[in-house]
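In what follows, a structure is listed as structure tokens, so that the remarks can point back to it.
The values are calculated or read from the model by the stated rules, or taken from the named source; none is laboratory data. Note that the structure is a prediction, hence the values are computed from the model and not measured. Using ideal geometry, Cβ is built from the backbone for each residue, glycine included, and neighbour counts are taken over all protein chains shown.
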Amino acid sequence: MFTGKRNISQCLRLVEEDQAITSPAAKLPYYPLVVKRGRGAIVEDVDGNTYIDFLASAGAINTGHCHPKVVEAIKKQTEELILYTSVYMYHEPQIDLTRELLAITPGDFRKRAYYGLAGSDANDGIIKLARIATGRPKIVAYLRAYHGSTYGALSMSAVSLPMHRGLGPLLPDIYHVPYPDTYRTPFPGMTEDEVTDFALEQIKIAFTTNIPPDEVAAIVIEPIQGDSGLIVPPVRYMKLLRKLCDDHGILLVSEEVQQGFGRTGKWFGIENFDVVPDAIVMGKAIASGLPLGAVVARAELLEKWQAPAHLFTAAGNPVCCAAALATIDVIREENLLENASRMGEYIKGRFLEMQKRYEIIGDVRGIGLSIGVDLVKDRQTKERHGEAAAKICYRAWERGLLLSFFSGSVLRIQPPLVLTKEQADSALGIIEESFQDFYEGDIPDSIFETVKGW
């Protein structure tokens, strides 16, 4: 019987107060955790309990919590200039950051960038940019995609009914097609190539029925579909999608808010497929936790719109840009791309070993440190096991690991890229112990009063 529950008295008091005074629309709770500080891949709560972090603040802390170089860059910049809006003026940190972003994004062509406050408004900007640059009105996105909660990003998202319920009408001329899921295939027993052909055929059918291709401005795709459960598309699908876009004069946009800045072992997830998009959307980890979003795109596209089509007073402010520059330096200097690949393969291997012992592990997938462990009630039917996901995450938290799930049943393994093997081993040990507790019926149903999840 598990008896190692932690003292969380201060956490519980603060959670109760927060629940009474803040909007419930902004919370998807997993456990009553009130974070006080973080260092590297370790988080400490207000009661002094420490946790290994396998969530990285929803994939936004790739360089680890409070990396000294990032902290120093922030401190230094705040002493000189916090904000003078770049809408009317210029500042050097933004120019320096733009130069770096143009260098690390794929594509041997002339590029430009724009900035926002988050990945959500960067996605809103993509809708505007694509329509203005092409003169076409329609945007194609994917079923079960999540792009953010501003109105344009929300309109492109199709992952959760509560996101849309009561908010309509959403933006017009945005359409959704199936993402190529090789685990939960459209029909039983389909091969990877068959899934690719089926998913592409759905776009082609739409092009001949209700979405004229000469009216489509862009197709917006996550190189790994994140909040649907870290679905990895076939390489062949991504290459044929690029060709389809080229054949019809459609822009291909890689939405990298969750998968960018080293998460997959490459600067950007799309690089794993040897495909070059026309634009890349960035957010989350770009500034190691400070609010910043950006898009890098072909220069000729960005040269077709004019102010004030997409601008914000605090977008690309000096402090966030300084943090982003330091983030890029840390990823380079500490070889975090290599560490993400190495640790990702190690962790996937450990989960594949667990899969042999635990029938509820239906699938293990991902690239780099973006790994999904899909829990099922039956490996043949692949019915999602949301109860197991919730209980295992809650017990892992009680044992000292921040673990979450999304898509109802998929354990989300996205730690900071600075994660060490020792930390990974400790975390995986906690997860396996939590699996055992679940099988033994040692995790009470009362946890569902707390765990809502995603």
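Conditions (1) in contact with a Phe, Trp or Tyr (Cβ under 8 Å, 6 or more places away or on another chain); (2) buried (at least 21 other Cβ atoms within 10 Å of the Cβ); (3) of a type in the set (Ser, Thr, Tyr); (4) closer than 28 Å to residue 418 by Cβ, marked per residue:
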| position | (1), (2), (3), (4) |
| --- | --- |
| 30 | yes, yes, yes, yes |
| 41 | no, yes, no, yes |
| 75 | no, no, no, yes |
| 101 | no, yes, no, yes |
| 105 | yes, yes, yes, yes |
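Exactly one residue out of 78, 105 is touching a Lys or Arg at 6+ places or on another chain (Cβ under 7 Å), closer than 25 Å to residue 327 by Cα and either without any contact (Cβ under 8 Å) to a residue 60 or more places away in the chain or among the hydroxyl-bearing types (Ser, Thr, Tyr) (or both): that is 105. If you go through region 131-183, how many residues are under 18 Å from residue 365 (Cβ atoms) and buried (at least 18 other Cβ atoms within 10 Å of the Cβ)? Within region 131-183, residues that are under 18 Å from residue 365 (Cβ atoms) and buried (at least 18 other Cβ atoms within 10 Å of the Cβ) number 9.
Being in contact (Cβ under 8 Å) with a residue 12 or more places away in the chain and among the acidic types (Asp, Glu) holds for only one residue in 338, 345, and it is 338. Restricted to helices (runs of 4 or more DSSP H) entirely inside region 298-381, those with at least 3 residues that are at pLDDT 95 or above and in contact with an Asp or Glu (Cβ under 9 Å, 6 or more places away or on another chain) are 318-333, 336-357.
Here the condition is being in a helix (DSSP H, G or I), hydrophobic (A, V, I, L, M, F, W, C) and touching a helix residue (DSSP H, G or I) at 6+ places or on another chain (Cβ under 7 Å); of 101, 97, it holds for 97 alone. Only one of the numbered conditions (1) closer than 30 Å to residue 378 by Cβ; (2) in contact (Cβ under 8 Å) with a residue 40 or more places away in the chain; (3) among the hydroxyl-bearing types (Ser, Thr, Tyr) is violated by residue 114, and that is (1).
Of all residues in region 137-155, exactly one satisfies the criterion of being within 12 Å of residue 174 (Cα to Cα), assigned to a loop (DSSP other than H, G, I, E, B) and touching a residue at least 60 places away in the same chain (Cβ under 8 Å), namely 137. Identify the residue in region 153-163 that is in contact with a helix residue (DSSP H, G or I) (Cβ under 7 Å, 6 or more places away or on another chain) and not small (Gly, Ala, Ser) and, among all such residues, is nearest to residue 121 (Cα to Cα). Top of the filtered list is 154.
Checking each residue in region 302-332 for being touching a residue at least 12 places away in the same chain (Cβ under 8 Å) and closer than 16 Å to residue 418 by Cα picks out 326, 327, 328, 329, 330, 331.
Would you check which residues across region 104-120 are more than 18 Å from residue 252 (Cα to Cα) and either part of a loop (DSSP other than H, G, I, E, B) or among the acidic types (Asp, Glu) (or both) and list them? Hits for region 104-120 are 117, 118. When the test is whether a residue is crowded, with 20+ Cβ neighbours inside 10 Å and either assigned by TED's automatic domain parsing to the domain that holds residue 193 or in contact with a helix residue (DSSP H, G or I) (Cβ under 6 Å, 6 or more places away or on another chain) (or both), residue 230 passes it. Residue count for region 189-212 satisfying the condition of being assigned to a loop (DSSP other than H, G, I, E, B) and small (Gly, Ala, Ser): 1. Given the conditions (1) more than 26 Å from residue 113 (Cα to Cα); (2) surrounded by 19 or more Cβ atoms within 10 Å (Cβ to Cβ); (3) out of contact with any helix residue (DSSP H, G or I) (no Cβ under 6 Å at 6 or more places or on another chain), which single one is not true for residue 356? Result: residue 356 fails condition (2) only. Would region 127-143 turn up any residue that is farther than 24 Å from residue 303 by Cβ, under 17 Å from the mean Cα position of the chain (by Cα) and not small (Gly, Ala, Ser)? Among the residues of region 127-143, at least one is farther than 24 Å from residue 303 by Cβ, under 17 Å from the mean Cα position of the chain (by Cα) and not small (Gly, Ala, Ser), which makes the answer yes. Against the test of being outside the structural domain of residue 412 (by TED's automatic domain parsing), under 15 Å from residue 142 (Cβ atoms) and hydrophobic (A, V, I, L, M, F, W, C), the options 257, 276 yield a single qualifying residue, 257. In region 267-297, the residue that is farthest from residue 124 (Cα to Cα) out of those that are of a type in the set (Asp, Glu) and assigned to a loop (DSSP other than H, G, I, E, B) is 274.
Just one of 198, 187 is over 24 Å from the mean Cα position of the chain (by Cα) and touching a residue at least 12 places away in the same chain (Cβ under 8 Å); which is it?
Exactly one of 198, 187 is over 24 Å from the mean Cα position of the chain (by Cα) and touching a residue at least 12 places away in the same chain (Cβ under 8 Å), namely 198.
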